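The values are calculated or read from the model by the stated rules, or taken from the named source; none is laboratory data. Here the structure is a predicted model, which is why all the values come from computation and not from measurement. So basically every Cβ, Gly included, is an ideal-geometry build from the backbone, and we count neighbours across all protein chains shown. These accessible areas exclude ligands, DNA and RNA; they are computed on the full protein's heavy atoms, side chains included. Shrake-Rupley method; radii C 1.70, N 1.55, O 1.52, S 1.80 Å.
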Amino acid sequence: VVTNGEYDDTPVISSDKQTVTINISQVLGDVYISCTATNELPQYNITSTLNHATNSNSDTTIEQGDNYTATLTCDAHYTFTGGTLVVSHNGQTITPTLNANGTIATISINNVQGDIIITGSAIQLQYNFSQALTNCQFTAINGIQSGNKINDGDTVTGTIRVNSYSSGYSPYYIKPADITITMDGVAQTYTLDTDGYILNFTIQNVTGDVSVAVTATIDTYTCTLNFTGFRDN
């Protein structure tokens with residue numbers, strides 16, 4: 001409040017509310033100035049737009065100078081890796097910290113000086129499926145998506161049979177030493193029939209890359225011919 005004699009004078013307050021300017025062009029009496037400052041600081045907006053993910057911090061505004069922290073958690077079986085996640089503060093891009101598989105993003109902004117905008121869209125979390133088969137082939141494979149991908153949490157089943165299989169016989173057979181079935185580098189169980197012709201496996205709740213490598217072998221024998229009483233013409 002500014003009083004100039006019997007008249008009130010209107011001061012000018014800056015947009016950030018940090019400065020008051022008093023300009024009296026004609027003094028008409030005693031000048032009285034009364035001013036009380038408060039701890040009120042500018043408030044900035046927080047906008048969070050997420051698909052298949054949630055923000056641990058539900059605040060929609062924040063006071064200037066405060067620190068902002070948030071954890072973005074993807075829905076089950078989803079990841080930000082390969083999807084989109086853009087965070088800006090006061091018009092500047094902020095890079096969140098992602099965990100190993102991109103399912104959790106951590107945001108930390110010190111001394112906030114502007115609006116915070118968070119935009120993210122998570123995608124289905126998938127793993128790679130690879131195979132290396134020699135003298136054998138899949139007769140059934142389930143749970144594999146387009147591009148040899150497996151959705152997180154899905155089940156993969158497969159049946160492998162040796163080549164040239166007919167009526168319970170084949171010159172090829174599979175030995176356990178020639179079977180490698182892994183998920184995220186960890187060996188998985190399987191069943192092999194007694195003849196070594198057919199192999200079945202099931203991997204439940206897939207949480208990593210799956211690799212199947214199987215080699216069927218063929219036995220070789222030595223043929224020895226003994227002739228007596230013959231001559232070469």
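Here is how the numbers come out for the structure above:
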read-out: Heavy atoms of residue 133: accessible area, 1.4 Å probe, square angstrom to 10; value: 50
read-out: Alpha carbon centroid spacing (whole Å) that separates the range 104-150 from the range 38-64; value: 29
read-out: Selection from 44, 89, 26, by position along the positive dipole direction of the chain (Cβ); value: 89
read-out: Given charges at Cβ of Lys, Arg, Asp, Glu: the chain dipole, positive-most of 35, 166, 208; value: 166
read-out: The range 83-233 - charge dipole about Cα centre, Lys and Arg +1 at Cβ, Asp and Glu -1, debye rounded to 20; value: 160
read-out: Rounded, prolate or oblate (a/c below 1.5 giving rounded, otherwise prolate when a/b exceeds b/c) for the chain by Cα gyration tensor; value: prolate
read-out: Label-point gap, in nm, between residue 41 and residue 121 - each point 7 angstrom along Cα→Cβ; value: 3.5
